[in-house]
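In what follows, a single structure is set out as structure tokens and then discussed.
No lab work stands behind these numbers, since they all come straight from the coordinates. The shown structure was predicted, so the numbers you read here are calculated from the model rather than taken from an experiment. Note: ideal-geometry Cβ built from the backbone for every residue, glycine included; neighbour counts use all protein chains shown.
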Amino acid sequence: MQTHRIIDGKAIAAQVREGVAKEVALMKSAHGFLPGLAVVLVGEDPASKVYVKNKGEQTKASGMNSWEHKLPAETSEAEVLAIVQKLNDDPAVNGILVQLPLPKHINAEKVLNTIHPDKDVDGFHPVNVGRLWVGERTLVPCTPTGSVILAKSVQPNLSGLNAVVIGRSNIVGKPVSALLLRENCTVTIAHSKTRNIHNVVKGADLVIAAVGIPEMVRGDWIKPGAIVIDVGINRVPGEAGKTKLVGDVNYEECARVASAITPVPGGVGPMTIACLLKNTVEAAKIQRGIKD
Ligand code: GUN
């Protein structure tokens, strides 16, 4: 049995937050301002409420300004767009995040594309997507950034590795592929139409699973010694009528073969908000022309 390392996302996220808090203190002392993040939540989705609460708490804990705009589910698209525009025009607001999903009567793409690209801390705006692919300084989506930080915590130099990304979403699969290419990996994007997907994954030194199918990746898909980063968060029936969280990777099986693997929960999950805080500082620096 291969001895594997469990990648501790909680601990690494805490380190990222520590780095953010130091940068925030430096912004205050050297540049005389505190970065600030505004979050817009429309409706009562329970999971979204928890995310937004956590984001607010962690933003304040890092020393930054935090604003929450909680709007009723029946808020019109025009009202949401007007709020985003107001936040775009407010120089104290460095980052804007509109929590997804939005109610059905609101066009999410239209709302996200209204956020000024330099305040788009989710990194979802097409301008930022383009900047990422051409290699310009930009705001990179948080979960992909967190996934690459975790991979680099095991192997700081990813250059030349065969990386297989499972999933091609705009939120994770595509941007994490761009990041891995920037790290000089040879990147393959596998997805629901990929033939013999297990053979494709078997060639990977680094596997990033972001497909949204519970425990799809099996132990015999993994090359011995590979690094496995599981982005999936799936709620499935557990014991005694309760639900449990599992990833896109069958952890028990893959942990036996991998050299390092992220657990679910406690792997990629905690990295997302930490990277959001990092992006808020980066957004402030971009807006004020402060070098990296
Ligand atoms: N809802 C769940 N995850 C996210 C995220 O990363 N960004 C936004 N805006 N909404 C989300």
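Please check which bits of region 123-150 a label hung off residue 5 would reach, taking the label as a point 7 Å along Cα-to-C-beta and the cut-off as backbone N under 15 Å. What the label zone holds, given the 15 Å backbone N cut-off, is 148-150. Highest-first packing order for the peptide set 95-105, 223-233 is 223-233, 95-105, based on the mean count of other beta carbon atoms within 10 Å. Taking the chain, the Cys residues with no second Cys beta-carbon under 4.7 angstrom are 185, 254. Shown for 275, 254: other C-beta atoms within 10 Å of each C-beta, ranked fewest to most, produce the order 254, 275. Take the Cα of residue 253, step 7 Å toward its Cβ, do the same at residue 152, and the gap between the two points is 3.2 nm. Rounded to the nearest 5, the antiparallel percentage of DSSP beta bridges internal to the chain is 10%.
How far, in degrees from 0 to 90, does helix 46-61 lean away from the longest principal axis of the Cα atoms of the chain, to the nearest 10? Value to nearest ten degrees: 70. Residue exposure proxy: 7, 83, ordered by other Cβ atoms within 10 angstrom of their Cβ from fewest to most, comes out as 83, 7. Taking 7 Å steps out from each Cα toward its Cβ at residue 236 and residue 218 produces label points 1.3 nm apart. What's the long-distance tail for the chain, i.e. % of Cα pairs beyond 30 Å? Counting every Cα pair in the chain, those more than 30 Å apart make up 33 percent.
Relative to the compact-globule estimate of 2.2 N^0.38 Å, the Cα radius of gyration of region 8-158 comes out at 1.10. The length gained by stretching the chain between residue 26 and residue 191 to full extension, at 0.36 nm per residue less their Cα-Cα distance, is 55.1 nm.
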